[in-house]
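Single-structure report; data block below.
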Amino acid sequence: MEELTNHVQADRVREFILFIGDRVKQCSQSFEQDCRLSHHESSVLFALMQDGPLAVKDIAARLEVSLSTLTRILDSLEQTGYVKRNMDPKDRRSFIITLTADAERMLETFPAQMNKIALEMLDSLTVAERLILLELFAKMKATMISRSE
């Protein structure tokens, strides 16, 4: 294979990142549509799935939305039975938001949809190529994490 300049290599990586990003976005939008969730509602649910119960102010900061906007989102999620609000025992002026069992069951379906994308990526590779790719992913991830610290 002919030698590629760093610029060309970076362009190809960027194109692949954008391609995968589009596939993940399509998967997320399909999940939201199937579950009848807005993008903000699913973002709240995924934040809770990833980090467990969170204070309202922490969710608002994470999603970069105002407290009044988040209140409307939480009202909707509470009405559909996906979240519970409990008073924060450390700060009685604040609430802790938790997922309900219904939300947890619904969210369990999303990784399977994401796995379809992963399997599509791996489908054309041999076992040896897959192992090399996984090693490279781990190396790149470690480098990116160390540089961001």
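The values are calculated or read from the model by the stated rules, or taken from the named source; none is laboratory data. Since the structure is predicted, the reported quantities are computational estimates derived from the model, not experimental observations. Every residue, glycine among them, receives a Cβ derived from its backbone with ideal geometry; neighbour counts consider all protein chains shown.
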Scan segment 97-127 residue by residue and report those that are exposed (fewer than 10 other Cβ atoms within 10 Å of the Cβ), more than 17 Å from the chain's Cα centre (by Cα) and among the hydrophobic types (A, V, I, L, M, F, W, C).
Ala101, Leu119, Val127
Take segment 56-92 and flag every residue that is part of a strand (DSSP E or B) and more than 21 Å from Leu37 (Cα to Cα).
Asn86, Met87, Asp88, Asp91, Arg92
Based on what the data block shows, is Leu45 at pLDDT 95 or above, touching a strand residue (DSSP E or B) at 6+ places or on another chain (Cβ under 9 Å), assigned to a helix (DSSP H, G or I) and closer than 23 Å to Asn115 by Cβ?
yes
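Which ones in segment 93-148 are among the β-branched types (Val, Ile, Thr), part of a helix (DSSP H, G or I) and over 22 Å from Val24 (Cβ atoms)?
Residues of segment 93-148 that are among the β-branched types (Val, Ile, Thr), as a first pass: 96-98, 100, 109, 117, 126-127, 132, 143, 145.
Then keep just the ones that are part of a helix (DSSP H, G or I); that gives 109, 117, 127, 132, 143, 145.
Listed by number, the residues that qualify are Val127, Ile132.
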Could you run through segment 1-57 and say how many residues are over 27 Å from Met140 (Cβ atoms), surrounded by 15 or more Cβ atoms within 10 Å (Cβ to Cβ) and touching a helix residue (DSSP H, G or I) at 6+ places or on another chain (Cβ under 9 Å)?
11
